[in-house]
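> Can you keep this structure in mind? I'll have questions shortly.
The values are calculated or read from the model by the stated rules, or taken from the named source; none is laboratory data. Fair warning: this is a prediction, and the values are worked out from it, not measured in the lab. Cβ placement follows ideal geometry from the backbone for every residue including glycine, while neighbour counts extend to all protein chains displayed. Please note that ligands, DNA and RNA were not included when accessible areas were found on the heavy atoms of the full protein model with its side chains. Shrake-Rupley method; radii C 1.70, N 1.55, O 1.52, S 1.80 Å.
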Amino acid sequence: MMEYLLLILGPLLSGAVVTLKVFFITLVLALPLGLMLAMVRLSRYRAASGIANGYIWLMRGTPLMLQMLFIYFALPFVPVIGIRLPDFPAAIVAFVLNYAAYFAEIFRGGIQSIDRGQYEAAKVLGLTYGQTMRRIVLPQVVKRILPPISNETITLVKDTSLIYVLAMNDLLRTARGIVQRDFTTSPFLVAAVFYLVMTLVLTVVFQRMEKRYAVYDD
Amino acid sequence: MPFTMTDQLMITARDIRKRFGTLEVLKGISLEVKKGDVIAIIGPSGSGKSTFLRCLNHLETIDGGNIEIEGETLVSTEASGACRYAPDATVQRICRKMGMVFQQFNLFPHLTVMQNLIEAPVVVKGMNRDAIIPKAEALLRKVGLLEKRDSYPSRLSGGQKQRVAIARALAMEPDILLFDEPTSALDPELTGEVLRTIRQLAEERMTMLVVTHEMAFAREVSTQTVFMDDGEIVEARPPAELFAHPEQQRTRAFLEHML
């Protein structure tokens with residue numbers, strides 16, 4: 001039994017590497033994009049705000065798997081913007097576009113929860129709008145949105161398993177391949193342990209961050 | 001007022017008009033503030049006191065009238081009725097001459113007391129941290145809160161928060177301080193410490209406009225008390241006269257109600 005586990009550990013680990021790659025690249029790109037979307041959504045320019053709103057509706061209103069399939073299979077045939085992406089970049093683009101929409105709504109909620117008085121105090125002290133956002137508003141927003149961001153991030157770890165539709169060997173698809181080959185379900189259990197370890201690490205990281213921000217109360 | 005005072009005009013507001021939708025909240029306010037003046041603005045809630053103050057430093061935009069700060073035009077109104085503000089950069093520079101203290105303190109909760117004080121001098125004026133910290137310490141000592149320098153605002157009482165807010169405004173070295181009901185959010189036993197700090201500034205000849213409900217404070221500290229009602233200045237006189245012999249019926253009614 002132990003020998004068998006060691007035997008399948010190698011392929012499962014390389015599957016986990018694919019999973020982690022999709023996870024980290026998505027997180028690093030979708031967070032800033034989400035923040036920018038939220039700012040556009042909150043801007044006083046009606047047209048820009050409306051476009052951001054429509055984008056968020058589209059991305060949250062259709063399945064991530066559909067978006068991935070569209071970018072991989074249908075995008076090459078779209079006039080003008082049509083490009084053919086290899087499987088990994090196609091998956092990343094779909095994940096980033098999708099998660100940015102969810103992050104945008106979290107950022108928007110956080111930004112809107114900051115009291116008007118903070119903006120006024122910053123303004124009368126001479127801070128520009130940019131300085132006010134960077135130094136006064138966003139640091140407070142981060143504290144408030146940590147719990148929902150943590151939620152979304154943990155969901156992302158598990159959503160990465162959707163890339164199997166593009167025939168990429170992530171952790172879950174690798175496990176399933178071994179299950180079908182060897183007629184045993186134990187690779188599923190090992191995969192479950194892998195996911196649990198990843199989400200445990202994230203949980204601890206976010207708890208630490210929340211603790212760090214707990215030095216002050218609003 | 002003593003003869004030694006210079007007559008330098010700090011604020012000239014002429015015929016300020018302001019509407020919120022169809023509601024006219026300021027119906028032509030005119031006021032001159034000279035260097036060293038302490039103007040107390042009193043009046044019933046909703047009379048436009050706070051709005052007037054917020055128009056002076058561009059937290060609200062006006063619909064008519066002129067405002068000059070230390071001889072520089074912030075906003076003027078043409079004969080046609082068009083209200084024209086100075087260019088953004090000029091507005092910012094002019095408004096930086098005025099500090100403001102809010103009813104709700106509006107300290108930055110994620111920064112310590114010391115960080116609250118040095119934030120604007122460092123970010124806006126580009127001052128060196130090491131250069132500003134001794135000055136900030138002196139200001140905290142002045143408001144009696146040096147030992148709280150590393151505390152976060154949530155650990156302070158309301159009165160302490162407001163004194164930090166005053167120190168934070170002073171750290172930018174304004175020529176004029178605007179106070180928007182600085183004690184209205186405080187428990188009665190905490191108003192004294194804040195009023196003492198403002199009184200101390202008055203003794204140092206700081207030019208101040210104070211919107212307040214504290215009648216005793218207005219009477220004792222202000223050089224001029226302005227009574228506002230329904231978007232207008234009803235009476236503006238030295239407090240000794242205004243409180244003892246109000247000329248207008250509306251002023252009398254208000255003072256009888258308050259005292």
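> With a cut-off of at most 12 other beta carbons within 10 Å, and DSSP calling the residue loop, which trypsin sites (Lys or Arg not before Pro) in the range A:1-84 qualify? Please list them. Let's see the in-between values first.
Numbers: sites: A:21, A:41, A:44, A:46, A:60, A:84; in loops: A:44, A:84.
Loop-located and lightly packed - A:44, A:84.
> Under a straight-distance cross-link criterion of Cα-Cα below 28 Å, which lysines are reachable from residue A:21, leaving out those fewer than 8 residues away in the same chain?
Result set, ordered by chain and number: A:143, A:158, A:211.
> Out of all DSSP beta bridges in the protein assembly as shown, what portion is antiparallel? Express it as a percent rounded to 5. Provide the component values of the computation, followed by the final result.
Values: 25 of 42 bridges.
Looking only at bridges with both residues in the protein assembly as shown, the antiparallel portion is about 60 percent.
> Go through the range B:60-71 residue by residue and turn each phi into a ³J(HN,Hα) via Karplus (6.51, -1.76, 1.60, θ = phi - 60°); whole Hz please, and just put x for glycine and proline.
Coupling constants for the range B:60-71: 10, 9, 9, 9, x, x, 10, 10, 10, 10, 6, x Hz.
> For residue B:203 and residue A:77, what does the FRET efficiency come to when R0 = 56 Å and r is the distance between their Cβ atoms, rounded to the nearest 0.05? Write down the numbers at each step before the final one.
On the way: r = 79 Å, r/R0 = 1.42.
Once rounded, the FRET efficiency stands at 0.10.
> Going by average Cβ neighbours within 10 Å, how do the peptides B:17-28, A:27-38, B:35-46 rank, with the highest at the top? Could the numbers behind the result be given before it?
Details: B:17-28: 15.1, A:27-38: 18.8, B:35-46: 21.1.
Sorting B:17-28, A:27-38, B:35-46 by mean packing, highest first, produces B:35-46, A:27-38, B:17-28.
> Comparing the chain by itself with all protein chains present, which residues of the range A:128-149 are at least 30 Å² less accessible (probe 1.4 Å)?
A:131, A:135, A:136, A:140
> How many Å² of accessible area per residue for chain A, probe 1.4 Å?
Numbers: 11830 Å² over 218 residues.
The answer is 54 Å² per residue.
> Roughly how tilted is helix A:46-61, in degrees to the nearest 10 and between 0 and 90, from the longest Cα axis of chain A?
The two axes meet at around 20 degrees.
> Can I ask one more? Please report, in debye to the nearest 20, how large the charge dipole of chain B is about its Cα centre when each Lys and Arg carries +1 at its beta carbon and each Asp and Glu carries -1 there. Working shown, then result.
Working: 31 positive and 35 negative charges, 131 e Å.
Charge dipole, chain B, about its Cα centre: 640 debye, nearest 20.
> With just the Cα atoms defining each centre, how far is the range A:156-197 from the range A:27-101? Give it in Å.
Using only Cα atoms to place each centre, the spacing works out to 26 Å.
> Can you tell me which of B:143, B:164, B:123 moves the most in a GNM of chain B? Springs connect C-alpha atoms under 10 Å apart.
The residue with the greatest mean-square fluctuation here is B:123.
> Positive end of the charge dipole of the protein assembly as shown (Lys, Arg +1 and Asp, Glu -1 on Cβ, about the Cα centre): tell me which of B:225, B:200, A:124 has its Cα farthest that way.
Positive-end residue among those listed: A:124.
> Among A:91, A:133, A:73, which residue has its Cα positioned farthest towards the positive end of the charge dipole of the range A:73-137, with +1 placed on the Cβ of Lys and Arg, -1 on the Cβ of Asp and Glu, and the dipole taken about the Cα centre?
After comparing all options, I get A:133.
> Residue-wise, which Karplus ³J(HN,Hα) couplings in Hz belong to the range B:210-223, taking 6.51 cos²θ - 1.76 cosθ + 1.60, θ = phi - 60°, and x for glycine or proline?
Calculated HN-Hα couplings, in order: 10, 7, 8, 9, 8, 5, 4, 5, 4, 5, 7, 9, 6, 8 Hz.
> If you line up the long axis of helix B:113-123 against the longest principal axis of chain B, both from Cα atoms, how many degrees apart are they, to the nearest 10?
Taking the Cα atoms of chain B, the angle to B:113-123 is about 70 degrees.
> A further question follows. Give the angle, between 0 and 90 degrees and rounded to the nearest 10, that separates the Cα long axis of helix B:249-258 from the longest principal axis of the Cα atoms of chain B.
For helix B:249-258, the angle is close to 40 degrees.
> I would also like to ask the following. Evaluate peptide A:110-122: per residue, the Cβ atoms of other protein chains within 10 Å of its Cβ; return the mean as an integer. Don't skip to the answer; put the middle values down first.
Numbers: counts 0, 0, 0, 0, 1, 3, 3, 6, 5, 2, 8, 14, 6.
So the per-residue partner count for this stretch is 4.
> Along the Cα→Cβ direction, 7 angstrom out, place labels at residue B:7 and residue B:247. What is the inter-label distance in nm?
Placing both labels 7 Å beyond Cα along the Cβ direction yields 2.0 nm.
> Quote to one decimal, in nm, the extra length available between residue B:23 and residue B:35 on full extension: 0.36 nm per residue of separation minus the C-alpha distance between them. Walk me through the numbers before you get to the answer.
Numbers: separation 12, 0.36 × 12 = 4.32 nm, distance 3.32 nm.
Separation in residues times 0.36 nm, less the Cα-Cα distance, equals 1.0 nm.
> Of the heavy-atom accessible surface of the range A:2-213 (probe 1.4 angstrom), what whole percent is carbon and sulfur? Can you show the working numbers first?
Working: 7790 of 11360 Å².
Carbon and sulfur atoms account for 69 percent of the accessible area of the range A:2-213.
> How large is ³J(HN,Hα) for each residue in the range A:78-85, as worked out from phi by the Karplus curve 6.51 cos²θ - 1.76 cosθ + 1.60 (θ = phi - 60°), to whole Hz, x for Gly and Pro?
6, x, 6, 8, x, 9, 9, 9
> Something else about it: Treat each spin label as a single point 7 Å out from the Cα along the C-beta direction, and report the residue A:14 to residue A:197 distance in nm.
1.8 nm
> Also, I was wondering about something else. Quote the FRET efficiency, to the nearest 0.05, computed for residue A:65 versus residue A:115 with a Förster distance R0 of 45 Å and r equal to the Cβ-Cβ distance.
Numbers: r = 40 Å, r/R0 = 0.90.
Efficiency for this residue pair is about 0.65.
> To the nearest 100 Å², how much accessible surface do chains B and A hide from each other in total, with a 1.4 Å probe? Could the numbers behind the result be given before it?
Numbers: alone 12220 and 12860 Å², together 23050 Å².
Separately minus together, B and A give about 2000 Å² buried.
> Report the GluC sites (Glu not before Pro) located in the range B:141-243 that are in a DSSP loop and have at most 11 other Cβ atoms inside 10 Å of their Cβ, or state none.
Details: sites: B:147, B:189, B:193, B:203, B:204, B:214, B:220, B:232, B:235, B:241; in loops: B:204, B:214.
Passing sites in the range B:141-243 are B:204.
> Looking at this model, which pairs from A:123/B:18; B:49/B:97; B:34/B:161; B:97/B:125 are more than 24 angstrom apart at the alpha-carbon? Write down the numbers at each step before the final one.
On the way: A:123/B:18 20 Å; B:49/B:97 20 Å; B:34/B:161 29 Å; B:97/B:125 13 Å.
Checking Cα-Cα distances, B:34/B:161 exceed 24 Å.
> Shape verdict for chain B, please, from the Cα gyration tensor: rounded (a/c under 1.5), prolate (a/b greater than b/c) or oblate. If you can, show how the numbers build up before the last one.
Working: a/c = 1.74, a/b = 1.27, b/c = 1.37.
Judged from the Cα gyration tensor, chain B comes out oblate (a/c at least 1.5, b/c at or above a/b).
> Separate question: What does the accessible area per residue of chain B come to in Å², with a 1.4 Å probe and no ligands, DNA or RNA counted? Don't skip to the end; give the middle numbers.
On the way: 11210 Å² over 259 residues.
On a per-residue basis, 43 Å².
> Another question about this same structure. Checking buried surface per residue: for the range B:122-144, which residues lose a minimum of 40 Å² accessible area in the protein assembly relative to the chain alone (1.4 Å probe)?
The answer is B:123, B:124.
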